[in-house]
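Below: one structure, written as structure tokens.
The values are calculated or read from the model by the stated rules, or taken from the named source; none is laboratory data. Quick caveat, the model's predicted, so the values are computed rather than measured. Quick reminder, even Gly has a Cβ in these numbers, built from the backbone with ideal geometry, and neighbours come from all protein chains shown.
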Amino acid sequence: MFRLAVVVSLLISAVCAAAATASTSDASAVTLAQQSLAALTGRVPVADVTLNANVISIFGSDAETGTATLEAKGTGESRVDLSLSGGTRSDVRNLVNGGPGGAWTKNGGTSTAYAQHNCWTDAAWFFPALSSLTQTGNQNFIFKYIGQEQHGGVNTQHIQVFQVGPQANSSLQRLSTLDFYLDPNSSLPLAVAIKAHADNDANTDIPTEFRFANYQAVNGIQVPFHVQQMLNGTVVLDITVTNAVFNTGLQDSLFTLQ
């Protein structure tokens, strides 16, 4: 019985140690995230952003062209309005009862809510300065250093960010994980990878990626003027920014579809 008690005690200690390790950020990852945010903003406070852009939306062999307005406030709210040759689409992300939510609509029709399991990653996926890189001081966000590696044919510094709750929740960690690939020289994000899911299936991962290029300084803030959204390795949305403005006081009501 004594030996059994010792074994159980050791197992409990190992589990607790593993949990503590899993919920502790790597200092090197935090430093890289802070350097990246400083490179993005020049330490200028950014509360909100509005981007105007030309876009190409690609679904299979069909490609539609048009324009877009992309807006974000803080890290939890965003709105993308597409006006395409085949119609319009609006997508919003917001906070609902203290948790993340969102919805979409086509051609001004009735809005459809996103499944919450698709809302744990960054709302402002098109603007890295309002991403999880801002959360190094938030104990609910864990930063892990993965290493130096090639991504998209270039050298990068790879860090991973995910959320944890008051209790161990592997699903939250998996659903909230973002992989940031940073330029080793400029520290600017070159890509962010997440896993999307069907509304009725939170367990089957769909590789999704956002790639950033052609950074230009606007009022001291680095804006990626070329953004691509990729699904399963294929570009589905190609965005060329034409104008960017910041801190205009966007209202929360903007991020709700009527």
Scanning the range 139-157 for residues that are under 16 Å from Leu178 (Cα atoms) and among the β-branched types (Val, Ile, Thr), the one surrounded by the fewest Cβ atoms within 10 Å (Cβ to Cβ) turns out to be Ile146
Requested in this report: Please verify whether the range 208-216 includes one or more residues that are small (Gly, Ala, Ser) and surrounded by fewer than 12 Cβ atoms within 10 Å (Cβ to Cβ).
Outcome: no
In the range 175-199, anything part of a strand (DSSP E or B) and surrounded by fewer than 20 Cβ atoms within 10 Å (Cβ to Cβ) is listed as Asp179, Ala193, Lys195, Ala196, His197, Ala198
Problem - Residue check, Asn169 loosely packed, with under 12 Cβ neighbours inside 10 Å, within 23 Å of Trp120 (Cβ to Cβ) and either modelled with pLDDT under 95 or aliphatic (A, V, I, L, M) (or both) - result: no
When the range 91-132 is checked residue by residue, the ones that are among the small types (Gly, Ala, Ser) and either touching a Leu at 6+ places or on another chain (Cβ under 6 Å) or in a helix (DSSP H, G or I) (or both) are Ala103, Ser111, Ala124, Ala129, Ser132
Checked pairs for the range 201-218, first farther than 23 Å from Pro128 by Cα and free of Cβ contacts under 8 Å to residues at least 24 places away in the same chain, second crowded, with 16+ Cβ neighbours inside 10 Å and of a type outside the set (S, T, N, Q), C-beta under 8 Å and 6 or more apart or across chains, list as Asn203/His197; Thr204/His197
Any residue at all in the range 231-239 that's surrounded by fewer than 12 Cβ atoms within 10 Å (Cβ to Cβ), more than 19 Å from the chain's Cα centre (by Cα) and not acidic (Asp, Glu)? no
Here the residues within the range 165-174 that are in a loop (DSSP other than H, G, I, E, B) and among the aliphatic types (A, V, I, L, M) are Ala168
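Residues are listed down the side, and each one gets a yes or a no for (1) assigned to a strand (DSSP E or B); (2) among the basic types (Lys, Arg); (3) closer than 23 Å to Leu178 by Cβ:
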site: Thr208; (1), (2), (3): yes, no, yes
site: Phe212; (1), (2), (3): yes, no, yes
site: Val223; (1), (2), (3): yes, no, yes
site: Val227; (1), (2), (3): yes, no, yes
site: Met230; (1), (2), (3): yes, no, yes
site: Leu237; (1), (2), (3): yes, no, yes
site: Val241; (1), (2), (3): yes, no, yes
site: Val245; (1), (2), (3): yes, no, no
site: Thr248; (1), (2), (3): no, no, no
In the range 133-154, residues that are assigned to a strand (DSSP E or B), of a type in the set (Val, Ile, Thr) and in contact with a helix residue (DSSP H, G or I) (Cβ under 9 Å, 6 or more places away or on another chain) total 2
Checking Ala29, Ala72 in turn, the sole residue that is of a type outside the set (Ser, Thr, Tyr), modelled with pLDDT of 95 or more, assigned to a helix (DSSP H, G or I) and closer than 22 Å to Leu178 by Cβ turns out to be Ala29
Thr88 vs (1) within 27 Å of Asp179 (Cβ to Cβ); (2) surrounded by fewer than 22 Cβ atoms within 10 Å (Cβ to Cβ); (3) among the β-branched types (Val, Ile, Thr); (4) out of contact with any Phe, Trp or Tyr (no Cβ under 8 Å at 6 or more places or on another chain): all pass except (1)
